[in-house]
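Below is one structure; the comments refer to it alone.
The values are calculated or read from the model by the stated rules, or taken from the named source; none is laboratory data. This is a predicted model, so every value here is computed, not measured. For neighbour counting, all protein chains shown are included, and Cβ atoms are generated from backbone atoms with ideal geometry for every residue, glycine included.
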Amino acid sequence: MRINNLKYAILILISLLDVKNSNGQSKPNILWIITDDHRPDSIEYFNEVTTGKKESSLGYVSSPNINKMAKEGTMFTNAFCNSPMCTPSRSSMQSGRYPFRSGHYKFKSNQTAEHTRPTVSQTLRENGYGTAVFGKTGWGIQNKGGDKAFYDHTIQFGRDLLRQGFGDIYTSGGKYEFPDGIFEVVYSDETVIYPDGKTVSYRKQQRDGEILKKDKVLKTKIDEEFDILRVYTRPNQGLIIGGVNPQPIGKTLDSYVLQEFENYLKNQDKRFKTLAGKEIDGASSTKPLMVNIGYTWPHTPVLPPKKFRDKFKNKKYNIPEFSTDELSNFPPQLVTLYNECKADQLTDEEKLQAIQDYYAFCAYGDALIGESVEAFKKYCKKNKQEYIIIFTIGDHGWHLGEQGIMAKFGPWKQSVHNAAIVVSSDKNKFPAGKVVDNIVEFVDFAPTMLTSAGININEEKYNYLDGYNLAEVISKPEETNREYAIGEVNVVCGHRAFMRTKDFGFSMRTRDRWDVANSTNLNKDIQWALTCERLKADMALYDLRVDPLEKHNLANDKKYLALADWFRNKLGSIVLGDGRAEVDWIKPNSYSISNFAGGADDKKLSIPKNIIPEI
């Protein structure tokens, strides 16, 4: 028995030694929080440091816990997603690669193609970390190993919570098609979970034939009971953009995500049961910890609990102005986007409710953020471990009527301009109260975590990383300076890339077909967007110096023609010719890499002064 105890003690000691990184320093615990469709202007501190006012441009917001967090760490006010859609955005964060380099532009990808690389969680696990994810995953990367291939433990919000009776209102079934790339609901079912555990399900939308009368009656009853506002002006009419949550505080979906995370920390070095009764291991004291919390708020259904909703229901807001006259300036691709996501035909009362409920939902989420951070810091203190907390404020943004839509998917500020906060026990790396307005991108999170873990990302095997270590954005601002942010997506309106600079917002169509993800089309006619007629490139150019709300597309304005053409060549060369990957994800290893403009992504603009119009 004594010998066995001695062996056990030695194993524990060896494991504890592994908590040190290659430089002999302590490997910090890592908490990575990601919210969903989250506008940074819902945060008072962000508004204060960027505009001098606590309120957003639309009106009142409340975020005491995130304010506190920001003051304890460093806020990056110009953080840009690399795709304005959940899956490719989260994939870019997990992989540290631009969508055009990974070939992941829409929903699904996998790790069988030779050009794919490990996710940040996989690399951290290989370097001694215990890993877990709670809530929304949504990175759309498939692996034969399933969940275990990415994290040691996965509690997924749909499979492990909603479908087990832990949550509120959710889409419980459906079928969707994409004729010509356009999203189309064949049918969609919805389920409501009441506080006593009772559930009610009904069909909320159906393309063909009549919905059964009993389903219509149930849906109408639910809509009235919870003051549900659906965005009935767009094809996906069942989408909930306002209402009161059927559950009280503590029993919403995201409350259960938080509970699962807290239970994981509380049951350190023990086996325990999740809320749904699945047995898993708690956090290990013998390994540094990396946890990803994927909160689903304020993504639809936008349903703040009553206590928070009541604080906002009488607040007045500035409703974004939009006229269909603006559509005359939209290129055809963005007209398609508008038609798929339009909300300008809602009444002013409905628009006001959508804004009130959105910011109320964010305020509720702020409370969850505060509790998450405190639980994690308490765990680290108990174990005498260093830590780093990364808060990605939205996997992308959300329009509340700007450009006439209530959605994401666009190349505009409200879709792609986010923010981030990093708090570290090492204040030399991420100083308290520091605000950084340099352009950073979501591909920066992976190298930041890897470097924090003591991994040398300058080694050749990490050359695939497209981002910078955020600590070096602070300590080496000249070496890590970007003059633009870039991204691409292929949903709703087809392949479209964007480039954001301090003064301009530019976007363009990148492919002349909806989907190239089959082996016969990979990188075929790859320079089309650079050589086709100007109008076919569907360019949009906004002069943010005079038009911060992006209401006037100047791509075809005589004064801006040369500038638009310059952006077309710069952005097109990067996303089409500097390592562009196109992949047939159905096949195990079918891909093509385009390198006709290798090195084009130099992070510099160098726009000739004579083509920039004076203002």
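General remarks:
- Of the residues making up region 134-148, those that are within 18 Å of K287 (Cβ to Cβ) and either at pLDDT below 95 or surrounded by fewer than 24 Cβ atoms within 10 Å (Cβ to Cβ) (or both) number 1.
- Selection of region 92-109 for residues being among the polar types (S, T, N, Q), in a helix (DSSP H, G or I) and more than 25 Å from I280 (Cβ to Cβ) yields S92, S95, S102.
- Residues of region 449-485 classified as out of contact with any Pro (no Cβ under 7 Å at 6 or more places or on another chain) and either at pLDDT below 95 or within 22 Å of V435 (Cα to Cα) (or both), total: 18
- Residue match in region 277-288 (condition: within 24 Å of P195 (Cβ to Cβ), surrounded by fewer than 24 Cβ atoms within 10 Å (Cβ to Cβ) and touching a Lys or Arg at 6+ places or on another chain (Cβ under 9 Å)): no
- Test: F272 is more than 29 Å from R39 (Cβ to Cβ), at pLDDT 95 or above and of a type in the set (F, W, Y): yes
- Taking the conditions (1) assigned to a loop (DSSP other than H, G, I, E, B); (2) crowded, with 21+ Cβ neighbours inside 10 Å in turn, L334 satisfies each one other than (1).
Every residue, every condition in (1) of a type in the set (A, V, I, L, M); (2) over 23 Å from A517 (Cβ atoms); (3) touching a strand residue (DSSP E or B) at 6+ places or on another chain (Cβ under 6 Å), yes or no:
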site: G96; (1), (2), (3): no, no, no
site: G103; (1), (2), (3): no, no, yes
site: A113; (1), (2), (3): yes, no, yes
site: Q122; (1), (2), (3): no, yes, no
site: R125; (1), (2), (3): no, yes, yes
site: V133; (1), (2), (3): yes, yes, yes
site: T154; (1), (2), (3): no, yes, yes
site: F166; (1), (2), (3): no, yes, no
site: G173; (1), (2), (3): no, yes, yes
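- Unique residue being among the β-branched types (V, I, T), part of a strand (DSSP E or B) and more than 18 Å from the chain's Cα centre (by Cα) when the list is T154, T112, T123: T154
- Unmet requirement for A70, which otherwise passes all of (1) within 30 Å of K287 (Cα to Cα); (2) modelled with pLDDT under 95: (2)
- Matching residues in region 192-213 - criterion: being part of a strand (DSSP E or B) and either touching a Leu at 6+ places or on another chain (Cβ under 6 Å) or closer than 21 Å to D227 by Cα (or both): V192, I193, T199, V200, S201, Y202, R203, K204, Q205
- Candidates are the residues of region 216-237 that are buried (at least 18 other Cβ atoms within 10 Å of the Cβ) and modelled with pLDDT of 95 or more; the one that is farthest from H399 (Cα to Cα) is L218.
- Search result, residues across region 478-532 that are touching a helix residue (DSSP H, G or I) at 6+ places or on another chain (Cβ under 8 Å), farther than 22 Å from D601 by Cα and without any contact (Cβ under 8 Å) to a residue 60 or more places away in the chain: D512
- Residue within region 472-480 that is of a type outside the set (S, T, N, Q) and buried (at least 22 other Cβ atoms within 10 Å of the Cβ) present: yes
- In the condition set (1) at positive phi; (2) surrounded by 20 or more Cβ atoms within 10 Å (Cβ to Cβ), S606 is compliant with all but (2).
- Single residue of region 208-245 satisfying the filter (in contact with a Ser or Thr (Cβ under 9 Å, 6 or more places away or on another chain) and in contact (Cβ under 8 Å) with a residue 24 or more places away in the chain) that is farthest from R163 (Cα to Cα): V231
- Residue satisfying condition, being touching a helix residue (DSSP H, G or I) at 6+ places or on another chain (Cβ under 6 Å) and on the phi > 0 side of the Ramachandran plot, within set G167, G197: G167
- One residue stands out among those in region 22-61 that are basic (K, R) and within 25 Å of Q94 (Cβ to Cβ): the one that is modelled with the highest pLDDT, which is R39.
- Considering residues of region 156-191 that are in contact with a Lys or Arg (Cβ under 6 Å, 6 or more places away or on another chain) and surrounded by fewer than 18 Cβ atoms within 10 Å (Cβ to Cβ) only, the residue farthest from E225 (Cα to Cα): V186
To keep it simple, each residue is scored yes or no on (1) over 18 Å from Y232 (Cα atoms); (2) in a helix (DSSP H, G or I); (3) hydroxyl-bearing (S, T, Y).
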position	(1), (2), (3)
W297	yes, no, no
K307	yes, yes, no
K316	yes, no, no
P320	yes, no, no
N339	no, yes, no
Q345	no, no, no
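- Flag for E48 being surrounded by fewer than 18 Cβ atoms within 10 Å (Cβ to Cβ) and within 21 Å of I389 (Cβ to Cβ): yes
- Residues within region 157-191 that are modelled with pLDDT of 95 or more and not in a strand (DSSP E or B), tallied: 12
Each row is one residue, and each column tells you yes or no for (1) in contact (Cβ under 8 Å) with a residue 40 or more places away in the chain; (2) closer than 21 Å to P246 by Cα.
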residue	(1), (2)
R309	yes, yes
K313	yes, yes
K316	yes, no
I319	yes, no
D325	no, no
P332	yes, no
A343	yes, no
L346	yes, no
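- Of all residues in region 409-447 being part of a loop (DSSP other than H, G, I, E, B) and closer than 21 Å to Y105 by Cα, the one that is nearest to the chain's Cα centre (by Cα): F409
- Unmet criterion (only one of (1) in contact with a strand residue (DSSP E or B) (Cβ under 9 Å, 6 or more places away or on another chain); (2) at pLDDT 95 or above) for L530: (1)
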